[in-house]
Structures are given as structure tokens and as C-alpha cells.
Amino acid sequence: RACRALDENARVCRAMAASTFVRVSVFVAFVGLGVVIKLTQHGARTLSYNPLCPMVVVSVGKLCCSLALYLRHDGSLEKLAGQLRSSGIMVRNYLVVAALYCLYDVLSFVSLGYFDPQTYTVLLQLRTVTTAMIWELAFGRRNCWSKRFGLVLIAVGCAAKQAGNNGSIATTSGSTSSLRYVFIAVQVLSNSLASVANEVLLKTSGDLPLNAQNMVQYSWTIAWCLLVGMLAPVERLRLNPLDLNEWAPMLDVRMVPNIVVLVVLGLVTSNFLKMWDSVWKSICTAIELFLTALLSAGIFGHHILATDALALCILIAGIRLCMAPGSAGAQAAQAAPFWKQSRWWTKQLPHVI
């Protein structure tokens, strides 16, 4: 019996070590790919194209990869069809998630018409805080105050880093209307809602495998992008799906690396949300911002300012606070997740949004 107990303990330890290794690997891959895509986008910055085209092409690539992974690990096409029929509510919920992501991407072009890129990036860091707030509501778990303060520090550090690049916050539009702030607020909120809702669906999948969920989301994303392209009043977003000239830039050698990296990053992101959470996804995005700046200095010769060092110190302090464990009292007071209490997210998400 003692030998069997020792063997069982060893097996459990190996399983825990393997699980930790996988989680850390996904974390590193998510951050690394996020940095790589920013560097590859630098090479394609002079290329002119409709921004909806790479969204569609990348979604098609992720859809094909997810289908191949499903057939390899999860089952046949007949099994997939049966699972989708029995998970109709979740399939409809992914329509809302894809719409929120699409709204975020479309509003990014509207917001950049009102703000310069530096100011836009600074304001966008508010999503770190809003994501944490929505995550607490969705999962019914209260973060400790040290983690909340750490998230605020991360947002401040990112904003300081971006603001320090030109030393000012300014708008490109002479209008004093508050409409531009409404757009950025809706954009931040849509990104936070989409990220948390996606995490909830991934963690309440039931019998629907991860690869099948990815296929559903990417299919809705393709549909939304094509619909927006055909109906968008903005000239740069207007897209004729049958015009081959619109799609030609996707075969450019400067664009192909972006598409490949984005496809892989999309698949890693779903695994990241499944293993980690939306709050840590926002933290990783902040880490990417600083790693990209450091690598850009070495590769492209960009300057590192004193404000960058200060902002990095603020970021590190925020991450350190986020890694601190919550108090026992706070953990004991955590309620059951809201979505588990009432099935609110899986049944009512489309109506509420």
C-alpha cells in the first residue's frame, strides 16, 4: 500500500508539473507572438489595403486550422454537425462575441480619425481596468485590492510609456465634441466584453470541444467582416468581396508573415483564455508593449527615453501586485460564478448585449 501511495503521489506530481509547463508555455507563446506581430506589421506599414481583407483571410486560416485539429483530435464531420446542433445556444452566443470583436476593429479606424496614434493608444489602456471589472462581475470573484491597484498601475505605466514618446496628449480633430470619447469608450467596452464573454463560453463549453468553438467564432467573424464591408459608409472599409484587386495585397511578401503569425496567435489566444483568464490577457498585452519597444530599439534603432524606464518600473510594480495571492478572507467570501448560478451568460448573452 505504501508503494502504491508513493506511485500515486509521483503520478500526481508529474501531472501537475506537466500542467504547469503547458500553462507557462502558452503564456510565453502568447506574449512572444504578440511581440512578433507588432514587428512584422512594421514591415507592412507602407502597404495599402482594406483592413477588413486581412481580418477575413486570417479568420479563414484559423477556421481551416481549427477544422484540421478537430478532425485530428476530436472526431469526424458527422460528429461535429451533431455537436453544433445540440449546442445551438452557444453557437448563437458566439455571434455576439464575434460582433463585439468586429465592432472593436471598426471603431479603431473611427477613433484614429479623432485622435493621434499616441493619444489613442494611451486611452486604449483603460481596457485593462474595464476587463478586470467585467471579469469580476461575470465570474463572481472579487480580486483583492492589491491586484486591483496593480491593474491600475499597469494601465498607468502603459499610458506613461506612450505619452512619453511625444510628451503630450493631443487630438487630430479641432472639434471639441465629446463624441470622440464616446467612440473610444464604446471601443474599450466592446473589447473587454468580447474578451470576458469569450472566456466564459470557452470555460462553459459542455460537450463542444475547443476546436469546434473556434470554428464557430471564426465563421461568425468572417460573416460579420463581409457584412460590414458591404454596408460600411466609410470609404476605406467598403469592400467588394468579388473584386480580386481588393485581395491582391494579401499575397504580398510583406503581408504573408503577418497573416501566418495572426493565424497562430488566434489559436494560441483561445488556449490562453481557457487556461488563464481575460485579466492576464490584458496584462500580457501591456508586457508586449514594452518588449516591442525594447526590440524595436535594437532592430530599427528607435530611441529609449527616460520616461520609458519610469513607465517600465511602474509596469513591473503593477505585475508584482497582480501576482500577490489574495487574502484568505477574500477567497472565502467569493461567491459562485454568476454564470454558474443562473446560466445567464450561456442563455441570455445575446439578448442582454
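Each part reduced to its alpha carbon centroid, the range 235-289 and the range 16-69 end up 6 Å apart. Summarising the amide proton neighbourhood of Phe115: residues at separation of 5 or more, or on other chains, whose placed amide H is nearer than 5 Å comprise Thr172.
Do the alpha carbons of any pairs in Lys79/Lys281; Lys62/Lys147; Lys38/Lys203; Lys203/Lys281; Lys161/Lys274 sit beyond 27 Å of each other, and which pairs? Cα-Cα > 27 Å for Lys79/Lys281; Lys62/Lys147; Lys38/Lys203; Lys161/Lys274; rest within. Residues His303, His73, sorted by accessible area with the largest first, give His303, His73 [1.4 Å probe; ligands and nucleic acids excluded].
For the range 38-125, the Kirkwood estimate of hydrodynamic radius, built from reciprocal distances between every pair of different alpha carbons, is 16.3 Å.
The values are calculated or read from the model by the stated rules, or taken from the named source; none is laboratory data. Bear in mind the structure is a predicted one, so any value in this text is a computation, not a measurement. Remember, those area values only see protein heavy atoms, side chains included, never the ligands or the DNA or RNA. Shrake-Rupley method; radii C 1.70, N 1.55, O 1.52, S 1.80 Å.
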